[in-house]
Every structure is written in C-alpha cells, then in structure tokens.
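**Q** Take this structure first; my questions come after.
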Amino acid sequence: MPSQKSTNSTLAKGLFILLMSSCSSPEMPSPKENETPVEPTKAKSMPVIRKTLENGLTILLSPNPEEPRFYAEIVTRAGSKHDPATNTGLAHYLEHLLFKGTRNFGTTDFGKEKPLLDQVTLLYEKRSKESNQTRRNEIYDEINRISQEAAKLAIPNEMDRAYSDMGGKGINAHTWHEETVYKVDLPANRLEHWAKIESERFANPVFRLFHTELETVYEEKNRSIDNKDRLLNREVNKLLFKTHPYGQQVTLGTIEHLKNPSILAIEDFYAKHYVPENMAICISGDI
C-alpha cells in the first residue's frame, strides 16, 4: 500500500488539480485537511479513505497494489427519481450524451459545429410545442437535415477510443433510480490521463449527435418493453410505490416523452444535478 504522503501527492497531481476544479466555481477549492478512514468490516477488506473538498465533492479511495491497474467511478446523485414528471427518461438520456464529447473531444471544428447544434436545440423546442402533426414532421425533417451537417464535424466515440488505446476495460455507465455512474478500468500509469479526460467531460460537455442517439435510446426502450422480467419489475414497483417515482417513473422514460425530447431540459438537469456536492469520485487499485 502506498504511503499517505504518496497518496496525497497522486491526488494533488491528478484529481484535485485536474478533475475537481472543473466541477467547481472558477476559483479552485482546496481539499479539507482532515480525512476520514471508513471503518472496514470484520471480513477481509481493503482500507478506504474518504475525503471531502471544500466545494462538497466526496472522494473515496481504496489503495490496492496487487495489480498495476485502478478502477474508477464518478457517481452523481441523479437518477430516474430526479427526472421531471413531464420529462421522464432524461437522466438516462443525459448519461448517453456525456459520452459524445466536449468542445475539444469528438469534433473536428467546434466553431463550425456549435451554430448547427444551437439550431437543432431550438428546433426541438419548437417541435415540442407544435401540435399540428404535418408541421411537426416538417420541423423534424429540418432537424434531420441540420443534424446531418453537424455530424460531418463530429468524431464519434473519440472518448471511448482514447480509453481503449490506453488499455482501458469496462468503459461504461448506468442510470438507475437514485444515481448515474460513469466507470472505467485503466492501467495505473494512466491515472492522470483519466483525470484530464474526466475533467474535460464534466467541464465542457457538448450534447452532439442528439438526433442519432435518440434512436439508440428508442431501441433500448423497445427491448425493455419486450423483456418479461422488466415488465414484471415495473408492475411490482407500481404497486409498491403508488405515489413515489420508483413506481411511477421508469428509467428509460415514456414513449410520449421520448417523442418530445428537449435539449434545453437536459442542459437544465445537468446544471442542477451535476454539481460537486451531489457527486462522488471512487477509485480503487494501484493509486
């Protein structure tokens, strides 16, 4: 196990400087001096160190030098329970979009791409307020045309490929009732690279390829409708939680809400929930 001094040095160089500052106000906070060891269970377990930054961000570290790798999760207390009742599925859709890159990742020219993305955002709002189906179809055709132009400037899956090229495994995320979690397993010598990528992901997200990603979410929704176990689970939850989002809101959202997506609503959700005091960083391994 590394000494406390070396652990703090790693944090200062990687996470505190690069990642935590991106989630906070322009003035970078310093970590609180105290750290709280989490009491281990009587069973064989690894030690856990808990830190809290001045901005409220929680850090959980579990050093384990047995293999030269580390596993990291960035957890946000923002799941389907937190979806607006009029816009279900939003937390899950945001999870997908946070893999689409930033101003610097996933684009060949953000300066040219941004005006097109802004047009798409406004057109989705316009379409959601339009009741005439013929006019809705016309707006959708316009969204499709502009989205195709924007897609020419996008670099799909650049973040995933960067992690894979570093030897990353298990690059994934999940959304559930209470949380959305972003996770990856990387070689130990890639900790600082991971911190840079994640700081960029959460500091400068760009919700590009919205149009095509919606189709992916639709497919996921259709599979869930045909899944007997999921159907049973939903019906049980409806009975158990008659007045609670656990039973009244599904993670993938309703078909009606998926047909009327709002990029502005997703941006508002991100601004409200993806804040330091609502997030935690968990790292275990050779750190």
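**Q** For the range 47-120, please list each of the strands (runs of 3 or more DSSP E) lying entirely inside it that holds at least 3 residues being surrounded by 21 or more Cβ atoms within 10 Å (Cβ to Cβ) and in contact with a strand residue (DSSP E or B) (Cβ under 6 Å, 6 or more places away or on another chain).
**A** On the way: elements: 48-52, 58-63, 69-76.
Ranges flagged: 69-76.
**Q** Turning to a different aspect of this structure: Specify the residue that is farthest from G167 (Cα to Cα); the eligible residues are those in the range 177-193 that are touching a helix residue (DSSP H, G or I) at 6+ places or on another chain (Cβ under 7 Å) and among the aliphatic types (A, V, I, L, M). Walk me through it before giving the result.
**A** Filtering the range 177-193 for residues touching a helix residue (DSSP H, G or I) at 6+ places or on another chain (Cβ under 7 Å) gives 177-178, 180, 184, 186, 191-192.
Going one step further and asking which of them are among the aliphatic types (A, V, I, L, M), we end up with 184, 186, 191.
Values: V184: 10, L186: 6, L191: 12 Å.
Among those that are touching a helix residue (DSSP H, G or I) at 6+ places or on another chain (Cβ under 7 Å) and among the aliphatic types (A, V, I, L, M), it is L191.
**Q** May I pose another question? Enumerate the pairs (first residue in the range 141-167 and modelled with pLDDT of 95 or more; second residue anywhere and among the acidic types (D, E) and surrounded by 18 or more Cβ atoms within 10 Å (Cβ to Cβ)) with beta-carbon separation below 8 Å, excluding pairs fewer than 6 apart on the same chain, so at least 6 apart or on different chains.
**A** A150/E113; L153/E113; A154/E113
**Q** Exactly one condition in (1) buried (at least 18 other Cβ atoms within 10 Å of the Cβ); (2) touching a strand residue (DSSP E or B) at 6+ places or on another chain (Cβ under 8 Å); (3) within 25 Å of K221 (Cβ to Cβ) is not met by V184; state its number.
**A** (3)
**Q** To continue, here is another question. Tell me, please, whether a residue that is under 30 Å from G111 (Cα atoms) and in a helix (DSSP H, G or I) can be found in the range 246-261. Don't jump to the end; show me each part of the working.
**A** Of the residues in the range 246-261, the ones under 30 Å from G111 (Cα atoms) are 258-261.
After this cut, where a residue has to be in a helix (DSSP H, G or I) as well, the list is 258.
Yes, there is a match, as at least one residue in the range 246-261 is under 30 Å from G111 (Cα atoms) and in a helix (DSSP H, G or I).
**Q** Which one of K169, K196, K238, K228 is touching an Asp or Glu at 6+ places or on another chain (Cβ under 7 Å) and of a type in the set (K, R)? Spell out the reasoning first.
**A** Working: K196 fails: touching an Asp or Glu at 6+ places or on another chain (Cβ under 7 Å); K238 fails: touching an Asp or Glu at 6+ places or on another chain (Cβ under 7 Å); K228 fails: touching an Asp or Glu at 6+ places or on another chain (Cβ under 7 Å).
One residue alone meets the criteria, K169.
**Q** Free of Cβ contacts under 8 Å to residues at least 12 places away in the same chain and polar (S, T, N, Q): does that describe N132?
**A** Numbers: free of Cβ contacts under 8 Å to residues at least 12 places away in the same chain: yes; polar (S, T, N, Q): yes.
Yes, satisfied.
**Q** Look through S3, S22 and report the one residue that is in contact with a Phe, Trp or Tyr (Cβ under 8 Å, 6 or more places away or on another chain), at pLDDT below 50 and surrounded by fewer than 19 Cβ atoms within 10 Å (Cβ to Cβ).
**A** Numbers: S3 fails: in contact with a Phe, Trp or Tyr (Cβ under 8 Å, 6 or more places away or on another chain).
Result of the check over S3, S22: S22.
**Q** With (1) surrounded by fewer than 18 Cβ atoms within 10 Å (Cβ to Cβ); (2) farther than 29 Å from E142 by Cα as the list, and F202 as the residue in question, which single condition is left unmet?
**A** (1)
**Q** While we're on this one: Within the bounds of the range 218-234, is there any residue that is within 17 Å of K100 (Cα to Cα), in a helix (DSSP H, G or I) and under 18 Å from the mean Cα position of the chain (by Cα)?
**A** The answer is no, given that none of the residues of the range 218-234 is within 17 Å of K100 (Cα to Cα), in a helix (DSSP H, G or I) and under 18 Å from the mean Cα position of the chain (by Cα).
**Q** Restricting attention to the range 165-177, and to residues there that are surrounded by 16 or more Cβ atoms within 10 Å (Cβ to Cβ) and within 28 Å of K81 (Cα to Cα), which single residue is nearest to the chain's Cα centre (by Cα)?
**A** A173
**Q** Can you pull out every residue in the range 234-287 that is among the hydrophobic types (A, V, I, L, M, F, W, C), closer than 29 Å to E54 by Cβ and in contact (Cβ under 8 Å) with a residue 24 or more places away in the chain?
**A** If the condition is that a residue be among the hydrophobic types (A, V, I, L, M, F, W, C), closer than 29 Å to E54 by Cβ and in contact (Cβ under 8 Å) with a residue 24 or more places away in the chain, then I266, F269, V275, M279, A280, I281, C282, I283, I287 are the ones that fit.
**Q** Within the range 104-119, is there a residue that is under 28 Å from Q249 (Cα atoms), out of contact with any Leu (no Cβ under 8 Å at 6 or more places or on another chain) and charged (D, E, K, R)?
**A** First, pick out the residues of the range 104-119 that are under 28 Å from Q249 (Cα atoms): none.
Within the range 104-119 (the criterion being under 28 Å from Q249 (Cα atoms), out of contact with any Leu (no Cβ under 8 Å at 6 or more places or on another chain) and charged (D, E, K, R)), the answer is no, since none of the residues qualifies.
The values are calculated or read from the model by the stated rules, or taken from the named source; none is laboratory data. Given the structure is predicted, the values throughout are model-derived calculations rather than measurements. Note that we place each Cβ from the backbone using ideal geometry, even for glycine, and neighbour counts take in every protein chain shown.
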